[in-house]
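Contents: one structure, followed by commentary.
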Amino acid sequence: MSQMSHTSFASFSHAAQQAQQWVNELAKDLCWSEPSACRLLRSVLHTVRDWLSPEEMADLSAQLPVLVRGIYFEGWNPSAPASERKKHDFVVSVRNSFGYDDEVDFDVAINAVFKLLDRHISHGEIVRIRNSMKKSLRKLWPVD
């Protein structure tokens with residue numbers, strides 16, 4: 001086996017481990033199953049992505065593990081109109097993407113994803129993203 005293919009496989013394996021770690025952390029934080037945590041992560045990342053300016057969106061994507069970045073961009077339509085920027089609209093967007101579940105407190109679930117991002121993304125990037133959001137939405141993403 002050539003060195004190149006071995007390095008590629010090692011990188012792919014590491015990327016899978018990183019993505020799995022994020023999902024595991026989120027599942028543990030919420031006491032959810034891993035498939036549900038993965039679905040939530042996808043729903044929140046897509047909603048955040050669609051709310052950011054192209055520049056902010058690209059800055060955030062650069063800090064995501066490679067497979068999580070793939071989830072982030074999955075199904076992205078750059079020409080889609082921006083939605084309202086109120087907290088309620090954000091929560092509804094996540095809920096619609098996740099699938100309605102009356103057992104889920106989406107404020108708590110979204111906050112858990114934001115806390116996960118806090119642990120893994122630079123503080124400066126988190127501050128920039130939060131500052132681009134309306135105050136009502138920032139309540140879901142408290143800064144320690």
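The values are calculated or read from the model by the stated rules, or taken from the named source; none is laboratory data. Since the model is a prediction, treat every value here as computed from it, not as a measurement. No Cβ is skipped: glycine too gets one built from the backbone with ideal geometry, and neighbour counts run over all protein chains shown.
List the pairs whose first member sits in segment 24-45 and is of a type in the set (Ser, Thr, Tyr), whose second member is buried (at least 17 other Cβ atoms within 10 Å of the Cβ), and whose Cβ atoms are under 7 Å apart, counting only residues at least 6 apart or on separate chains?
Ser33/Ala27; Ser43/Val94; Ser43/Ser97; Ser43/Phe98
State all residues of segment 32-60 that are at pLDDT 95 or above and farther than 13 Å from Val113 by Cα; if no residue qualifies, say none.
Ser33, Glu34, Pro35
Scan (1) modelled with pLDDT under 90; (2) more than 22 Å from Gly124 (Cβ to Cβ); (3) buried (at least 17 other Cβ atoms within 10 Å of the Cβ); (4) of a type outside the set (Lys, Arg) for the single condition Asn77 breaks and write down its number.
Tallying (1) modelled with pLDDT under 90; (2) more than 22 Å from Gly124 (Cβ to Cβ); (3) buried (at least 17 other Cβ atoms within 10 Å of the Cβ); (4) of a type outside the set (Lys, Arg), Asn77 fails exactly one: (3).
From Leu41, Leu137, grab the single residue that is surrounded by 13 or more Cβ atoms within 10 Å (Cβ to Cβ) and over 21 Å from Ala15 (Cα atoms).
Details: Leu41 fails: over 21 Å from Ala15 (Cα atoms).
Leu137 is the lone residue from the list that is surrounded by 13 or more Cβ atoms within 10 Å (Cβ to Cβ) and over 21 Å from Ala15 (Cα atoms).
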